[in-house]
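For reference, the structure is listed below as C-alpha cells.
We did not get these values from a lab; they are worked out from the coordinates using the rules stated. As the structure is a computational prediction, the values presented were derived from the model and not from experiment. Don't worry about glycine lacking a Cβ; one is built from the backbone with ideal geometry, like all the others, and counts go over all protein chains shown.
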Amino acid sequence: MTHIIDGKAIARQLREEIAKETAQLVAKGVTPGLAVVIVGEDPASHVYVKSKATQTVEVGMASFKHVLDEGTSQADLLALIARLNADPVVDGILVQLPLPRQIDAETVLHAILPAKDVDGFHPVNVGQVATGSGGIAPCTPFGAMKLIKSVRSDLAGLHAVVVGRSNIVGKPMVQLLLDEHCTVTVVHSRTQDVAALVRAADIVVAAVGRPEMIRGDWIKPGAIVIDVGINRVITEDGKSRLVGDVAYEEAAKVAAAITPVPGGVGPMTIASLLANTLQAAKARLG
Ligand code: GUN
C-alpha cells in the first residue's frame, strides 16, 4: 500500500510542538513575535498573510501585520524594515512576495537582519544553510524535509533527485538533502533526459510549477515522492482544479510514499515559518 503523506496532520503536530515551546518562552518573559509586511492588493497574497497571522496567534506568538499601499516607495518600505530590525519584540520579519514593480525585491530582502530573516532568503542564511553551519532554512524546503523524514528518518546514501533549481525551493532543498547524506541530482529545464534521472531516484522532490510533468512511469518502485507544485488547471468539464508537478494517480501506484496536492507540502510552509520564528526567538534568548 502506498503511504499518502498527510501534510495537514504533520503540520498540525509541528504547530502543537511549537505552541508548547512558545509557552515555555512566554513563561520566561519572551513572546516570539512575527512581523508580516504586505505591499499592495494582490488577493492571493492577502489570503496567505491572513493565514500566517491566524496561525501565529494560535501557537501563542505575537503577530504584527503591516499593510502598505500599492504605491509605497522602496525607501518607505526600507524605513519600515529598519524599524522592525531594531524592534526588540519582533523576532521574525517576512515581506510577502511578489512586490510591486517600483520595489526591488532583492534590495528589500537583503535589508532584513539575517537573525530575523524567517524566510531564509538573506545571503547570510543562504550561505549558512549551504555550509551546514546553522542559519535559517527557507520554509518550503524545510517543510518538505520534515515530510520526507516522517516516512524515513535515516536518508544516508539515498539518491535524491530535485526537479527545479529555484532559489526558494530547489537550491536550498539540495543543501538540506546533502546534510542528510543523500546523493543529490538537480534536474532543470536544460537537463537532457529528465525522465531517466528521475527513474534513478529514491527520493523525488518536484518543484518546477509544471502541471503533472512527472509521470508515473518515471517513478522508481518504492520511491518517496514530494510534490511542491501547486498548479491551477482547467479540466475538460470546465472546472478549476489544483494539481501538483507529479501525475498523482499514476505515481501513487508506484511510490512507497507520496504527498497529495493539496494537503501535502502546502500546509507545512506556515508551520515551518513558525518553527523559524521560534528558532529566531530562542536565539534572542541566547
Ligand atoms: N510568496 C509566496 N511564497 C512566499 C514565501 O515563501 N515567502 C514570501 N515572503 N513570500 C511568498
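Go through the residues of the stretch 27-44 one by one and say whether even a single one is touching a strand residue (DSSP E or B) at 6+ places or on another chain (Cβ under 9 Å), under 24 Å from residue 275 (Cβ atoms) and charged (D, E, K, R). Within the stretch 27-44, not a single residue is touching a strand residue (DSSP E or B) at 6+ places or on another chain (Cβ under 9 Å), under 24 Å from residue 275 (Cβ atoms) and charged (D, E, K, R).
Among the residues making up the stretch 1-26, those that are exposed (fewer than 14 other Cβ atoms within 10 Å of the Cβ) and either hydrophobic (A, V, I, L, M, F, W, C) or in contact with a Phe, Trp or Tyr (Cβ under 8 Å, 6 or more places away or on another chain) (or both) are 1, 9, 23.
Scanning the stretch 104-126 for residues that are away from the ligand (no atom under 13 Å from the Cβ) and in a loop (DSSP other than H, G, I, E, B) returns 104, 113. Residue 270 satisfies every condition listed in (1) of a type in the set (A, V, I, L, M); (2) within 16 Å of the ligand (Cβ to nearest atom); (3) outside any helix (DSSP H, G or I) except (3). Based on what the data block shows, is residue 103 in contact (Cβ under 8 Å) with a residue 24 or more places away in the chain, crowded, with 16+ Cβ neighbours inside 10 Å and out of contact with any Pro (no Cβ under 9 Å at 6 or more places or on another chain)? So residue 103 passes the test. The set of residues from the stretch 26-51 being within 11 Å of the ligand (Cβ to nearest atom), free of Cβ contacts under 8 Å to residues at least 60 places away in the same chain and within 16 Å of residue 109 (Cβ to Cβ) comprises 37, 38, 45. Here the strands (runs of 3 or more DSSP E) wholly within the stretch 163-264 that include at least 1 residues being touching a strand residue (DSSP E or B) at 6+ places or on another chain (Cβ under 7 Å) and crowded, with 18+ Cβ neighbours inside 10 Å are 183-187, 203-206, 224-227, 240-243. A single member of 168, 148 is touching a residue at least 40 places away in the same chain (Cβ under 8 Å) and more than 16 Å from the ligand (Cβ to nearest atom), and it is 148.
For the stretch 146-162, the set of residues classified as in contact with a strand residue (DSSP E or B) (Cβ under 8 Å, 6 or more places away or on another chain) and either closer than 22 Å to residue 12 by Cα or among the basic types (Lys, Arg) (or both) consists of 147, 148, 151, 152, listed by residue number.
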